[in-house]
Structure formats: structure tokens, C-alpha cells
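Here the structure is laid out as C-alpha cells; the discussion comes afterwards.
The values are calculated or read from the model by the stated rules, or taken from the named source; none is laboratory data. Note that the structure is predicted; figures quoted are calculated from it, not measured. Glycine also receives a Cβ, built like all others from the backbone with ideal geometry; neighbour counts cover every protein chain displayed.
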Amino acid sequence: MFVDLGDNLVHPLSLSDCPEESVFLEFTKRMTGSDYCQRLESLKKGDVVSVKGPEGKFTLKDDADGDYIFLAGGIGITPLRSILKSYEKQKKDCCRITLIYGNNDKDDIAFKDELENLKIAHFKLVNVLSDNTGMEEADKGFITADIIGRESAQFTGVKYFISGPPAMVKGMHKELGKLHVSDDDIQTDLFAGYD
Ligand SMILES: Cc1cc2nc3c(=O)[nH]c(=O)nc-3n(C[C@H](O)[C@H](O)[C@H](O)COP(=O)(O)OP(=O)(O)OC[C@H]3O[C@@H](n4cnc5c(N)ncnc54)[C@H](O)[C@@H]3O)c2cc1C
């Protein structure tokens with residue numbers, strides 16, 4: 001959705017909550033010190049902002065008949081967190097989902113506790129840390145074709161959802177290319193605005 005804080009401070013932000021979860025809309029913004037972020041931080045309860053949308057299509061099919069690999073980079077987790085929460089709340093059990101989540105280090109992992117405690121059958125979380133500080137079980141480096149191949153080896157009819165900054169999304173397309181994944185099986189949410 002486009003979240004307009006006034007004075008031309010408008011950014012597209014993904015919903016990070018889901019309809020089953022709350023009666024308000026939730027967005028999760030990576031704070032960068034920009035004018036937009038400063039305005040966000042100055043908002044008080046009761047201030048009015050305007051939102052427009054939603055736009056785009058980044059959703060699981062209701063009649064999903066295959067398995068899913070979610071590839072998230074940093075704050076790109078937001079739409080995937082929304083999908084996973086919705087799936088959990090609806091108590092769905094029609095496919096296997098593995099989330100491969102890349103971050104710099106442990107402290108950058110958004111929704112860490114929640115993701116570790118999702119009550120979804122056949123769900124697996126794989127953390128990949130480029131600085132790998134203090135998390136022994138995480139894979140080290142960036143998300144690679146090797147990691148994706150390892151996690152999808154037993155899956156059937158796999159669909160891939162990628163969400164993250166442009167460089168990460170580009171990198172993931174390259175890695176999936178090494179695994180000969182068809183573009184038809186990839187959905188992308190590209191967070192333009194981050195280098
Ligand atoms: C579909 C979509 C969903 C997104 N969802 C989220 C989210 O859930 N959480 C989140 O933190 N961020 C999200 N973003 C990124 C967000 O919209 C901002 O672009 C980003 O947060 C940078 O804004 P800033 O206020 O931190 O820095 P700014 O200083 O405002 O922006 C950094 C630089 O990027 C440029 N820029 C800003 N926005 C865009 C844009 N949309 N396209 C091209 N250039 C741009 C600016 O001109 C500036 O040069 C999303 C982006 C897209 C396109």
C-alpha cells in the first residue's frame with residue numbers, strides 16, 4: 001500500500017499483518033533516519049495518515065497443490081510474515097513451506113521469536129547470516145543455490161516467493177537460474193528504495 005505521511009512523504013510499504021489477525025493495518029518499516037522515518041517517529045497516537053491500495057499480487061493460491069520456498073532478505077520479510085500468519089490462523093495444512101531468511105546478523109532478524117514459534121505443520125525456518133554472529137545453527141554467507149537446492153530436494157511442484165531489496169532479489173533469480181527454476185514458478189516482491 002502507499003503510505004502517505006503528508007508533505008510528499010509517501011512510500012510503498014507491504015502489510016506485515018494479516019486479515020485474520022487484527023482490526024488495524026500493520027506496516028513494519030526499516031528505520032534509516034530518512035525524512036520519511038523521522039516523520040514516522042514523530043507521529044503521535046491520533047495523527048492521521050492516508051493509505052492507498054493494496055496493489056500488486058503476492059499471495060498463496062487458495063488451491064495450492066505444491067510446496068513453497070520463501071526467500072526473504074532483511075525487511076523483505078514483511079509480506080511473507082503476513083502470508084505465514086494468515087496460513088497459521090487459518091490452520092491450513094495443504095503444503096510444505098520453508099522460509100529461507102537472509103540477514104546480516106542475528107539482531108537484524110525481524111519477527112525472530114514469531115517465526116521460530118509459528119504453529120504451522122510442515123513449516124521450516126532456515127536462517128542465513130552473512131556475519132553469522134552468535135547463531136550456530138544458521139547457514140553462513142548469502143542464500144545460495146546450494147542452500148535452496150538442499151531445502152527443496154524433497155519438495156514437489158515447488159513455487160518460489162522472493163521478497164527483499166533489489167540486489168537480493170536479483171541475486172535470488174540468479175541462484176534459482178542455476179537450479180533451472182522456471183520464471184513461471186517465481187513470484188517477486190521487490191523493495192525498490194534500498195540499495
Ligand atoms: C512493493 C514495495 C514494498 C515495500 N515494503 C516495505 C516494507 O514493508 N518495509 C520497508 O521498510 N520498506 C518497504 N519498501 C521500501 C520503502 O518503500 C522505501 O523505499 C525504503 O524504505 C527506503 O525509504 P527510506 O525512508 O528508508 O529512505 P529514503 O531516503 O526515503 O529513500 C532512499 C532512497 O531510495 C529512493 N526511493 C525511495 N523509495 C523509492 C521507491 N519506491 N522506488 C525507487 N526509489 C525509491 C529515494 O529517492 C532515496 O534516494 C517497499 C518498497 C516497495 C516497492
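Residue 39 fulfils the conditions (1) among the charged types (D, E, K, R); (2) exposed (fewer than 15 other Cβ atoms within 10 Å of the Cβ); (3) free of Cβ contacts under 8 Å to residues at least 60 places away in the same chain except for a single criterion, (2).
Residues satisfying the criterion are present in region 171-181 (criterion: touching a residue at least 40 places away in the same chain (Cβ under 8 Å), aliphatic (A, V, I, L, M) and buried (at least 19 other Cβ atoms within 10 Å of the Cβ)). In region 103-117, the count of residues that are over 15 Å from the mean Cα position of the chain (by Cα), modelled with pLDDT under 95 and farther than 26 Å from residue 166 by Cα is zero.
Listed by position, the helices (runs of 4 or more DSSP H) enclosed by region 91-195 that each have at least 2 residues that are closer than 22 Å to residue 28 by Cβ, within 16 Å of the ligand (Cβ to nearest atom) and of a type outside the set (Gly, Ala, Ser) are 112-116, 166-178. Whether any residue in region 5-25 is acidic (Asp, Glu), exposed (fewer than 11 other Cβ atoms within 10 Å of the Cβ) and in contact (Cβ under 8 Å) with a residue 24 or more places away in the chain is what I want to check. There is at least one residue in region 5-25 that is acidic (Asp, Glu), exposed (fewer than 11 other Cβ atoms within 10 Å of the Cβ) and in contact (Cβ under 8 Å) with a residue 24 or more places away in the chain.
Given the structure, is residue 20 of a type outside the set (Gly, Ala, Ser) and under 15 Å from residue 85 (Cα atoms)?
Working: of a type outside the set (Gly, Ala, Ser): yes; under 15 Å from residue 85 (Cα atoms): yes.
Spelling it out, residue 20 is indeed of a type outside the set (Gly, Ala, Ser) and under 15 Å from residue 85 (Cα atoms).
Reported count of residues in region 18-31, each being of a type in the set (Asp, Glu) and at pLDDT below 95, is 2.
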